[in-house]
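The values are calculated or read from the model by the stated rules, or taken from the named source; none is laboratory data. What you see is a predicted model; the values in this text were computed from it and never measured. Here the Cβ positions follow ideal geometry from the backbone for every residue, glycine too, while neighbour counts run over all protein chains shown.
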Amino acid sequence: MKLAEALITRKEMYRKLSQLAERIQKNIIVQDGDEPVEDPNALMPELETLSQAITELVQRINATNASTRLENGMTIAQALAKRDELIRLAGFFRSFADMGREGQVERYSKSEIKRVCTIDVAATEHKADALAKDARELDMAIQALNWQVEL
C-alpha cells in the first residue's frame, strides 16, 4: 500500500469511528419500554477494534514518515512540521497586514488621538505570500512522495 493510500484509509477509518461512536451515543438511553435501534453494547467492541486498527495504521504511517526523505534531505515528518510552521507564520503575517491596513490612519477629527500603523503593510503582506508559497511547494513535494513510497 502506498503512503497516500494509507492516509486516505486513515481518514476514512476516523470518519467511520466517529459515526460508530455517534450510533452508540444515540442508543445509550431510550424511553422506558422502548428498545434501542441498535444494541450499544454490541457496537462498543467494534469501536474498540476499529480504534486499535487506526492506532496500528498511524504507527506505520509515522514510521514511514520518520524514515522517508524528500529530495531536500528532510524526512516527511520534518517536512510536515516545517509545512505547518510555514502555514502558521503565513497566517500570522496575513493577519498583521490586515490589521495594519485597517488602522493605517484612524482619526475622525483633529481633536481625537491619531493612531498610525507601525508596520510596512505591503512588505508584511509580501512576506505572508512568500511563506504561503513555500508551504504550498513543500506540501506538493510531500504529496508527490506519498504516492511513490510504500507504507
Completion exercise
Note on Leu20: of the conditions (1) in contact with a Lys or Arg (Cβ under 9 Å, 6 or more places away or on another chain); (2) surrounded by 16 or more Cβ atoms within 10 Å (Cβ to Cβ), unmet is (1)
Practice task
Go through (1) in the same structural domain as Met1 (by TED's automatic domain parsing); (2) farther than 27 Å from Ala144 by Cα; (3) surrounded by 12 or more Cβ atoms within 10 Å (Cβ to Cβ); (4) not hydroxyl-bearing (Ser, Thr, Tyr) and name the single condition Asp39 misses.
Solution key: (3)
Completion exercise
When restricted to Ser51, Ser95, the only residue at pLDDT 95 or above, surrounded by fewer than 16 Cβ atoms within 10 Å (Cβ to Cβ) and not assigned by TED's automatic domain parsing to the domain that holds Glu125 is Ser51
Exercise for the section: Out of Asn62, Asn72, report the one residue that is closer than 16 Å to Ala135 by Cβ and among the polar types (S, T, N, Q). Expected result: Asn72
